[in-house]
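Some notes on the structure that comes next.
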Amino acid sequence: MTDISKRSWLQSGGLMSAGALLGCATPGITQSSVKTPFAVPAVYLPIVGSDEMYPVRRVYCIGRNYAAHAREMGSDPTREPPFFFQKPTDAIQNVASGTVADHAYPPLTKNYHYEAELVAALGKGGRNIPVDKALEHVYGYTLGLDMTRRDLQRAMGDEKKPWEIGKSFDHSAPIGPLHKVAQTGHFTQGAIWLKVNGQTKQNANLNQMIWSVAEQIAKLSEAFELFPGDIIYSGTPENVGPVVRGDVIEMHIDGLPNLSVKIV
Ligand code: MN
């Protein structure tokens, strides 16, 4: 059985039944006797300077983590604890550095938004991780776009229904290759910007995050047990906005190569 088919079994309905069967916390990791009727692709991020790939387990995202963005979304940043949502792992669209990847305009929306974000990738899991130890859990960093069907997100919010259709759709997470923390250090400050067709739209500093990466990891680990392979989109600054077919998005974080996609 190949690694990919093992993982596809993990991601399929086999997980629960075999989990019960084996009675272990991470069923199937070493299971080699399971047959599946079809393969489901696993999701990886290339690791820069390595022939290894980073396997993605979960994609967490923090909401409204820059004060000015929280205000433009209509909330009061001073009174709001952090909140998180997830995108499905296979929402990831790998984008190589130095390329402009085609990104398909998704169905159902008439207001398709970019959100430029720093992404932290964990190499170590845990529960109730203290803030002062949290960065020890980071394997590396990259930059990513939290693409959003804003009209659908807002409509669902207005009806007090889940955001999923606005945030967690296919290909909604374009992302760059992963840079090991040993090579980049941690990202507590530095410019983050996004341009559309060469025109600056978002322009802020990572030190303007309401909740730092370390605090995000700590808070998230109170709600979920974290594992290696979990990645965290750390929120977007203000001035999110729409793109249409033909637009080219370029995003930047100091210390990382830029990420570019063309909406097609
Ligand atoms: Mn976001």
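Every number in this text was worked out from the coordinates using simple rules, so none of it is lab data. Only a predicted model underlies this, so the values are computations on that prediction, with no experimental measurement involved. Note: ideal-geometry Cβ built from the backbone for every residue, glycine included; neighbour counts use all protein chains shown.
Taking all Cα pairs closer than 8 Å and separated by 6 or more residues, the relative contact order of the chain comes to 27 percent.
I need the calculated FRET efficiency for the pair residue 110 and residue 39, taking r as the beta carbon distance and R₀ as 30 Å, to the nearest 0.05.
Numbers: r = 36 Å, r/R0 = 1.19.
Calculated transfer efficiency: 0.25.
With N the number of residues in the range 178-230, Rg(Cα) / (2.2 N^0.38 Å) evaluates to 1.45.
Cβ under 14 Å from residue 68's Cβ, residue 68 left aside: what net charge do those residues give with Lys, Arg +1 and Asp, Glu -1?
Values: positive: 64, 71, 201; negative: 72, 76, 80, 115, 238.
So the environment of residue 68 carries a net charge of -2.
Taking the square roots of 5 times each eigenvalue of the Cα gyration tensor of the range 67-131, largest first, gives ellipsoid semi-axes of 26, 22, 13 Å. Paramagnetic label reach from residue 100 (point 7 Å along Cα→Cβ; backbone nitrogen cut-off under 19 Å): within the range 222-264, residues 242-253, 257-264.
Calculated FRET efficiency, residue 80 and residue 151, Cβ-Cβ r, R0 25 Å, to nearest 0.05? Don't skip to the end; give the middle numbers.
On the way: r = 23 Å, r/R0 = 0.91.
Here the calculated transfer efficiency is 0.65.
Here the contact order of the range 95-173, divided by its residue count and restricted to Cα pairs under 8 Å and six or more residues apart, works out to 31 percent. Summing charges over neighbours of residue 181, with a neighbour being any other residue whose Cβ is under 13 Å away from its Cβ, gives +1 when K and R count +1 and D and E count -1. For the range 160-177, 3J(HN,Hα) computed residue by residue from phi via the Karplus equation (6.51, -1.76, 1.60; θ = phi - 60°) reads 6, 10, x, 6, 3, 5, x, 10, 10, 9, 4, 6, 7, 10, x, 8, x, x Hz, glycine and proline entered as x. Restricting the range 126-210 to trypsin sites (Lys or Arg not before Pro) that sit in a DSSP loop and have at most 16 other Cβ atoms within 10 Å of their own Cβ leaves 127, 160.
Along the Cα-to-Cβ line of residue 245, 7 Å from the Cα, sits a label point; which residues in the range 109-151 have backbone N less than 17 Å from it? Only 109-113 fall inside the zone, counting backbone N under 17 Å.
Pairs to check: 87/161; 110/160; 201/262; 133/161; 87/262; 160/195. Give those whose C-alpha atoms are more than 26 Å from each other in this structure. Pairs exceeding the cut-off: 133/161; 160/195.
Quote to one decimal, in nm, the extra length available between residue 225 and residue 161 on full extension: 0.36 nm per residue of separation minus the C-alpha distance between them.
Values: separation 64, 0.36 × 64 = 23.04 nm, distance 2.53 nm.
Full extension from residue 225 to residue 161 adds 20.5 nm.
For the chain, report the % of Cα-Cα distances exceeding 33 Å. Above the 33 Å cut-off, the chain has 19 percent of its Cα pairs.
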